[in-house]
1. Can you tell me the 0 to 90 degree angle between the C-alpha axis of helix 129-139 and the longest principal axis of the chain, rounded to 10?
2. Along Cα→Cβ, 7 Å out, is where each label goes; now give me the distance between the ones at E137 and S120 in nm to one decimal.
3. What number comes out for the charge environment of E112, summing +1 per Lys or Arg and -1 per Asp or Glu over other residues with Cβ under 14 Å away?
4. Near the amide H of G35, under 5 Å away, which other amide H atoms are found, from residues 5 or more places off or on another chain, if H is placed in the peptide plane?
5. Among V143, V79, V91, which comes first, second and so on when ranked by fewest other beta-carbon atoms within 10 Å?
6. Amide H of L119: which non-local residues (sequence gap of 5 or more, or other chain) have their own amide H closer than 5 Å, using H built in the peptide plane?
7. Could you tell me which residue out of G170, M147, Q70 lies farthest along the dipole of the chain toward its positive end? Charges go on the beta carbon: Lys and Arg +1, Asp and Glu -1, centred on the Cα centre.
8. Could you work out [θ]222 nm for the chain from helices alone, using -39500 (n - 2.57) per DSSP H run of at least four and dividing by all its residues? Round to the nearest 500 deg cm²/dmol.
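Quick note: the coordinates plus some simple rules give every number you see, no bench work behind them. Values in this document were obtained by computation on a predicted structure and should not be read as measured data. Cβ coordinates were reconstructed from backbone atoms using ideal geometry, including for glycine residues, and neighbour counts include every protein chain displayed.
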Amino acid sequence: MSSSDEIQIGQIEAKLTWLMTPVGLLIDEANLTGGPVTINIDELEDSKGELEFEAIIRNKSVAVFLEKLQPGGLHTFQVNIQPDGVHVDAVKTVLVPIPATAHAILKLDSSESISVELLSAEALGAGLKNMVANQLEQLNPIVKSDMFPIPVRFETITHEEGLVRVRGKGKLSSN
């Protein structure tokens, strides 16, 4: 391969916004930073370099996702992400509207996938956990590493005030 087949990049700072996952969860931001990177323009899989990866999912994106999904027949979602997880207020209608609450976390299944783990779900003291958990289980994992423009490996997930932050590494190369 001649050097004319390669593009050398000293530093990359890329920000992707509103990345929709196949199951319908919106990732508000995905940031890639680092370098140096070598892009092989004829054989992209022969490109080389490693980047820092960060994805951010905010309250509103989780609420919109849940509204589309309506797990356990819940609707009218209010989401509040805190350091201890994702807190959800919703409504379950059984003849009349009944307030419901749920508490979940996003967790690493592996460096390649992220799932929702439901910690609790109830309406008027009655447990809804099994019903909601079964529906969520059909969607898990909700984020996979191969859905990003470059291969990524997830390393950490943190729940913060108003958002979930996922960090890891992106690697250009099949080696």
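1. Tilt relative to the chain: about 30 degrees.
2. Label-label distance for E137 and S120, simple model: 2.1 nm.
3. Numbers: positive: K107, K144, R153, K169, K171; negative: D109, D146, E155.
Residues close to E112 contribute a combined charge of +2.
4. Those lying under 5 Å, H to H, from G35 are I12, E50.
5. Sorted ascending by nearby Cβ count, the order is V91, V79, V143.
6. Hits under the 5 Å cutoff: H103, A104, I105.
7. Of the options given, the answer is Q70.
8. Numbers: 2 runs with 22 residues, N = 175.
For the chain, the value works out to -4000 deg cm²/dmol.
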